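Below is one structure, written out as structure tokens; comments come after it.
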Amino acid sequence: MTLDKTVNNRAWFMVLPVLVLVAFNAVIPLMTVVNYSVQESFAGNVFFFEGSKWFEQVLHSERFHAALLRQLAFTATILAIEIPLGVGIALTMPRKGPWVSVCLVLMALPLLIPWNVVGAIWNIFALPSFGLLGRAINGLGISYNFTRDAGDAWFTLVLMDVWHWTSLVVLLAYAGLMAIPNAYYQAAKIDGASRWAVFRYIQLPKMRRVLTIAVLLRLMDSFMIYTEPFVLTGGGPGNSTTLLSIDLVKIALGQFDLGPAAAMSLIYFLMVLAMSWVFYTVMTREEART
Amino acid sequence: MARIELASLAHAYGPRPRGDADYALKTINLEFKPGGAYALLGPSGCGKTTLLNLISGLLVPTEGSVLFDGTDVTEQTSEQRNIAQVFQFPVVYDTMTVYENLAFPLRNRGVARQALDLRVREIAEMLGLTPSLMQKARRLTADAKQKISLGRGLVRADVSAMLFDEPLTVIDPQLKWELRSQLKQLHRQVGTTMIYVTHDQTEALTFADTVIVMYDGRILQVGSPQELFERPHHTFVGYFIGSPGMNILHASVEGRTATVAGRAIPLPRAYDRLADRARVELGIRPEFVRIAPQGEGVPVRINRIDDVGRFKIARVSLDGQALSVMVGEDTQLSGDSAAIEFDRAHLHVYADGQLVDGKA
């Protein structure tokens, strides 16, 4: 069967706005980075072609390895806390009644606060001199100072991220739970299922899709996190909380090493892309198999 | 198996019911004999699912009590009552195989592995699920899933009763027939008390020995399919059961004579004077109305004739009141008027919707 199509080359003009838009917000910036990543730049817009030198340098740099390790540790930690915690909170939220909207609004609040404000709030909140949290912990007899001690800085950073983003997991998990028809719970009751069995065989499988999305979003977001740790600790004390993005900005804007910074950006970008792809493929394949 | 009694049972979903209107189920008394096949029949929203959930223990009644073999179980959970229930939408545990699904209720009750295996395979055989026993349950069709739900009830040999809440709603029409007859067969095989909720009279009448017709939170009649057909206790029962439903005519009744639109119609029984204000109606099934030979009967106007295959249904009006008449395939009707006559033995008198007993 053939479809009658009108051939009119002026139709190309219709796609032009999209092309222009994509070019400006994606292609051109990305190609600029690619351009920098293969050249040495000097003052006065003088460039020399360097090939893969910056990529090799970045990949062999101990500084990059350390930042990457910190990044992986951070992402793994917050995922390990936020996903179970989010599911746990969603399970305890009411399924109907006036408290539903109250809970939802309370849960959504942290998500509505601008990221740098979150950083600023926690910075002040955790200050050992007059911050509520800092004073309280010290008041308990535990020495705590996130601006001096690397462990304390990490603790504060993780706590801040958990406070800021667990809500997202809660809301997604809650949506998944609400989509389960009541008959499943009734059938489970009749089958004599324990609370754990209900969770394991009904709630968890039914939440699978939304949890895939939650993990994916948190994985990518936490891997690219910049504003909050920048405002909270600025990467310190020392380099202890210098995550990949913070390190990148230090190289690009602090030291003005455009070449290595560009190479690092590309490696960073490919890592996020690859991780998301692998994760998504694994989860969806699992889905298709069961 | 248990004898189930409902004593002055009533249920309201709201917290503080005041008037009759707040009750989804108005006070009822009912008994289910062990091993019986029952159907709760009524239109949507009549309280039949509420009643079922009260029996199974998914709901706790506002008033009254539920007794199993004379023991009050009103406060007990479904598990304690040992009830099995199949829902409108098939419930299967997605991540489990068919085998694991069937084994689930037994595992939860700590049944030994060997006894469990034997029982699961027996039930799978009974339901024709053996070939797909090791498949993931979520891959199966709706009817197979519904069989699994049914199977999870059947594996427990000692259940007090099996309850069905419109279990064939999502099943394809041709498979509905098959499952329905399979269900009837299963009932004979296992002999468990079964209570089946439906708004489909065919399902109710083919499955059950005793049908409970409900309307607006009340029970209108409890009886065998034949009783419901021959002697509906309420005009709603007459109208709801049968296809087409019973003809209801406004009338006045005195002694052995009813008067409809100025015409006297002889009745099979004698009636005392009915209360003055009561709405008096005459009921007769379309099966017992005939086209009268020329020169006899009550004249009617023919509005429409529906040919439904083995017979025709003539939609006629008698002085503005609509009636359906079953007409044989070979009866010829011409023009827009005819005369009808009633099979006297099957005329019933209703006052305010309720059947009035006459004297022979």
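Taken together, the residues in the range B:149-165 that are crowded, with 20+ Cβ neighbours inside 10 Å and free of Cβ contacts under 8 Å to residues at least 60 places away in the same chain amount to 2. When residues in the range B:328-344 are screened for being assigned to a strand (DSSP E or B) and either acidic (Asp, Glu) or under 14 Å from B:ASN247 (Cβ atoms) (or both), 3 of them pass.
Taking the range B:146-165 as the range and being within 11 Å of another protein chain (Cβ to nearest Cβ) and part of a strand (DSSP E or B) as the test, the residues that pass are B:MET162, B:LEU163, B:ASP165. Does A:GLU62 qualify as being acidic (Asp, Glu), surrounded by fewer than 17 Cβ atoms within 10 Å (Cβ to Cβ) and under 29 Å from A:THR241 (Cα atoms)? Criteria met by A:GLU62. Those helices (runs of 4 or more DSSP H) of the range A:1-107 in which 2 or more residues are outside the structural domain of A:MET275 (by TED's automatic domain parsing) and over 30 Å from A:MET275 (Cα atoms) occupy A:12-22. Within the range A:150-158, is there a residue that is in contact (Cβ under 8 Å) with a residue 60 or more places away in the chain and of a type in the set (Ser, Thr, Tyr)? Scanning the range A:150-158 turns up at least one residue that is in contact (Cβ under 8 Å) with a residue 60 or more places away in the chain and of a type in the set (Ser, Thr, Tyr). A search for C-beta distances below 7 Å between a residue of the range B:130-145 that is more than 12 Å from chain A (Cβ to nearest Cβ) and charged (D, E, K, R) and any residue that is assigned to a loop (DSSP other than H, G, I, E, B) and surrounded by 14 or more Cβ atoms within 10 Å (Cβ to Cβ), counting only pairs 6+ apart in sequence or on different chains, returns B:ASP143/B:ILE171.
Each row is one residue, and each column tells you yes or no for (1) part of a loop (DSSP other than H, G, I, E, B); (2) within 7 Å of another protein chain (Cβ to nearest Cβ); (3) closer than 21 Å to B:PRO34 by Cβ; (4) under 32 Å from the mean Cα position of the chain (by Cα).
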| residue | (1), (2), (3), (4) |
| --- | --- |
| B:SER65 | no, no, yes, yes |
| B:GLN76 | yes, no, yes, yes |
| B:GLU79 | no, yes, yes, yes |
| B:PHE89 | yes, yes, no, yes |
| B:LEU106 | no, no, no, yes |
| B:GLY110 | yes, no, no, no |
| B:GLN114 | no, no, no, no |
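Among the residues of the range A:71-104, just one is modelled with pLDDT of 90 or more and charged (D, E, K, R), namely A:GLU82. Do we find a residue being without any contact (Cβ under 8 Å) to a residue 12 or more places away in the chain, more than 23 Å from the chain's Cα centre (by Cα) and either within 13 Å of chain A (Cβ to nearest Cβ) or surrounded by fewer than 22 Cβ atoms within 10 Å (Cβ to Cβ) (or both) anywhere in the range B:166-174? There is no residue in the range B:166-174 that is without any contact (Cβ under 8 Å) to a residue 12 or more places away in the chain, more than 23 Å from the chain's Cα centre (by Cα) and either within 13 Å of chain A (Cβ to nearest Cβ) or surrounded by fewer than 22 Cβ atoms within 10 Å (Cβ to Cβ) (or both).
Residues considered: B:ALA338, B:ALA314, B:ALA360. Of these, the only one that is hydrophobic (A, V, I, L, M, F, W, C) and outside the structural domain of B:SER252 (by TED's automatic domain parsing) is B:ALA360.
Close Cβ contacts (under 9 Å, 6 or more residues apart or on different chains) running from residues in the range B:272-295 that are in the same structural domain as B:VAL349 (by TED's automatic domain parsing) to residues that are crowded, with 16+ Cβ neighbours inside 10 Å and modelled with pLDDT under 75 comprise B:VAL280/B:LEU274. In the range B:20-34, the residues that are assigned to a helix (DSSP H, G or I) form Cβ pairs under 8 Å with partners that are among the aliphatic types (A, V, I, L, M), at six or more places apart or across chains, as follows: B:ASP22/B:ALA12. Taken together, B:THR206, B:THR198, B:THR210, B:THR202 contain a single residue that is within 10 Å of the chain's Cα centre (by Cα), buried (at least 23 other Cβ atoms within 10 Å of the Cβ) and among the polar types (S, T, N, Q), which is B:THR198.
For (1) within 14 Å of chain A (Cβ to nearest Cβ); (2) within 18 Å of B:GLU203 (Cα to Cα); (3) polar (S, T, N, Q); (4) in contact with a His (Cβ under 9 Å, 6 or more places away or on another chain), each residue gets a yes or a no:
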| position | (1), (2), (3), (4) |
| --- | --- |
| B:GLY19 | no, no, no, no |
| B:ALA24 | no, no, no, yes |
| B:THR27 | no, no, yes, no |
| B:LYS33 | no, no, no, no |
| B:ALA37 | no, yes, no, yes |
| B:LEU40 | no, yes, no, no |
| B:CYS46 | no, yes, no, yes |
| B:LEU51 | no, no, no, yes |
| B:SER56 | yes, no, yes, no |
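Taken as a whole, the structure leaves A:PRO205 outside the set of residues that are crowded, with 21+ Cβ neighbours inside 10 Å and part of a helix (DSSP H, G or I). Determine whether A:MET178 is more than 14 Å from chain B (Cβ to nearest Cβ) and farther than 30 Å from B:LEU102 by Cβ. Here the answer is no, as A:MET178 does not meet what is asked.
In the condition set (1) surrounded by 15 or more Cβ atoms within 10 Å (Cβ to Cβ); (2) at pLDDT 90 or above, B:SER224 is compliant with all but (1).
Residues checked against (1) closer than 16 Å to A:PHE64 by Cβ; (2) modelled with pLDDT under 80; (3) in a helix (DSSP H, G or I); (4) under 20 Å from the mean Cα position of the chain (by Cα):
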position	(1), (2), (3), (4)
A:THR242	yes, no, no, yes
A:LEU248	yes, no, yes, yes
A:ALA263	yes, no, yes, no
A:LEU266	yes, no, yes, yes
A:VAL278	no, no, yes, yes
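Here A:ALA153 meets the list (1) at pLDDT 90 or above; (2) under 22 Å from A:VAL117 (Cβ atoms) almost entirely, failing just condition (1).
Residues considered: A:GLY236, A:GLY259, A:GLY192. Of these, the only one that is closer than 30 Å to A:ILE142 by Cβ and either free of Cβ contacts under 8 Å to residues at least 24 places away in the same chain or not aromatic (Phe, Trp, Tyr) (or both) is A:GLY236. Just wondering, is there one or more residues in the range B:251-259 that are crowded, with 20+ Cβ neighbours inside 10 Å, more than 10 Å from the chain's Cα centre (by Cα) and part of a strand (DSSP E or B)? Scanning the range B:251-259 turns up at least one residue that is crowded, with 20+ Cβ neighbours inside 10 Å, more than 10 Å from the chain's Cα centre (by Cα) and part of a strand (DSSP E or B).
Do we have A:GLY139 as away from every other protein chain (no Cβ under 14 Å) and not basic (Lys, Arg) here?
Working: away from every other protein chain (no Cβ under 14 Å): yes; not basic (Lys, Arg): yes.
Against the criterion (away from every other protein chain (no Cβ under 14 Å) and not basic (Lys, Arg)), A:GLY139 qualifies.
Within the range A:212-236, take every residue that is crowded, with 21+ Cβ neighbours inside 10 Å and of a type in the set (Val, Ile, Thr) and give me the one that is nearest to A:PHE155 (Cα to Cα). Checked the range A:212-236; the qualifying residue nearest to A:PHE155 (Cα to Cα) is A:THR233.
Table: residues versus (1) over 15 Å from A:VAL162 (Cα atoms); (2) crowded, with 17+ Cβ neighbours inside 10 Å; (3) aromatic (Phe, Trp, Tyr).
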{"position": "A:TRP122", "(1), (2), (3)": "no, yes, yes"}
{"position": "A:LEU140", "(1), (2), (3)": "yes, no, no"}
{"position": "A:SER143", "(1), (2), (3)": "yes, no, no"}
{"position": "A:PHE146", "(1), (2), (3)": "yes, yes, yes"}
{"position": "A:ASP149", "(1), (2), (3)": "yes, no, no"}
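Given the criterion more than 29 Å from the chain's Cα centre (by Cα) and within 11 Å of chain A (Cβ to nearest Cβ), identify the matching residue among B:GLU122, B:GLU100. Let's see the steps before the verdict.
Numbers: B:GLU122 fails: within 11 Å of chain A (Cβ to nearest Cβ).
On inspection, the qualifying residue turns out to be B:GLU100.
Can you name every residue in the range B:261-279 that is of a type in the set (Gly, Ala, Ser) and closer than 12 Å to B:VAL349 by Cβ?
Answer for the range B:261-279, where residues must be of a type in the set (Gly, Ala, Ser) and closer than 12 Å to B:VAL349 by Cβ: B:ALA270, B:ALA278.
The values are calculated or read from the model by the stated rules, or taken from the named source; none is laboratory data. Note that the coordinates shown come from a computational prediction; the quantities given were computed from them, not determined experimentally. Every residue, glycine among them, receives a Cβ derived from its backbone with ideal geometry; neighbour counts consider all protein chains shown.
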